[in-house]
1. For all pairs of alpha-carbon atoms in segment 6-163, what percent lies in each bin of width 10 Å, listed from the first bin to the last filled one?
2. Can you put 162, 123, 97, 73 in order, fewest other beta carbons within 10 Å first?
3. When the chain is fully extended, how far beyond the present Cα-Cα distance does residue 95 get from residue 130, taking 0.36 nm per residue of separation?
4. Computed over the Cα atoms, what is the radius of gyration of segment 80-167 divided by 2.2 N^0.38 Å, N being its residue count?
5. Out of all DSSP beta bridges with both ends in segment 6-163, state the antiparallel percent to the nearest 5.
6. Kindly provide the helix-only [θ] at 222 nm of the chain, computed as the sum of -39,500 (n - 2.57) over DSSP H runs of four or more divided by all residues, to the nearest 500 deg cm²/dmol?
7. Taking neighbour counts of Cβ atoms within 10 Å as a proxy for exposure, in what order, fewest first, do 156, 16, 46 appear?
8. Given a Förster distance of 35 angstrom, what is the FRET efficiency for residue 15 paired with residue 165, based on the Cβ-Cβ distance and rounded to 0.05?
């Protein structure tokens, strides 16, 4: 399967978000791929508020099964979440569980005025009623595959698709 160019998808995503930016908009990326995208979106749209980054490891609903990821980083929301208009950024939207965890964490910082989701790729397969407002691409992928965003040393983004064993 030929995957779309991640850099082109990011440009498209930025263009979709641009008309909705206000002075009260903040960008929050989900660690890791969502944080990479959020930095680029934040810079391209010249958002005045500082960038936020979430590590949702403690909020995952499978935490008791998989344990703590060895590279947990603290979340950083260097702005007032209360009444903010948040654009939450992630790389790939699949089951919706990562987004549910991120929203739970955001509410621990206060009650946002709104939260809109931006994703580079929506691959379907939702298990929760979650949808992105801004999407770079919608792809239909086999269940036994994993779509991963990668960042090269020069910052260039790419997508990688690999097969996984489903137990």
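1. 11, 42, 38, 10, 0
2. Ranking 162, 123, 97, 73 by Cβ neighbours within 10 Å, fewest first, gives 162, 73, 97, 123.
3. Extending this stretch completely gives an extra 11.8 nm.
4. 1.21
5. Antiparallel: roughly 30 percent of the beta bridges in segment 6-163.
6. Calculated at 222 nm, the ellipticity per residue is -7000 deg cm²/dmol.
7. Exposure proxy ranking, most exposed first: 46, 156, 16.
8. Efficiency at R0 = 35 Å is approximately 0.40.
Read-outs: derived from the displayed coordinates by stated rules, not from any lab. Being a predicted model, the structure only gives us computed values, none of them experimental. Ideal geometry is used to build each Cβ from the backbone, glycine not excepted, and the neighbour counts take in all protein chains shown.
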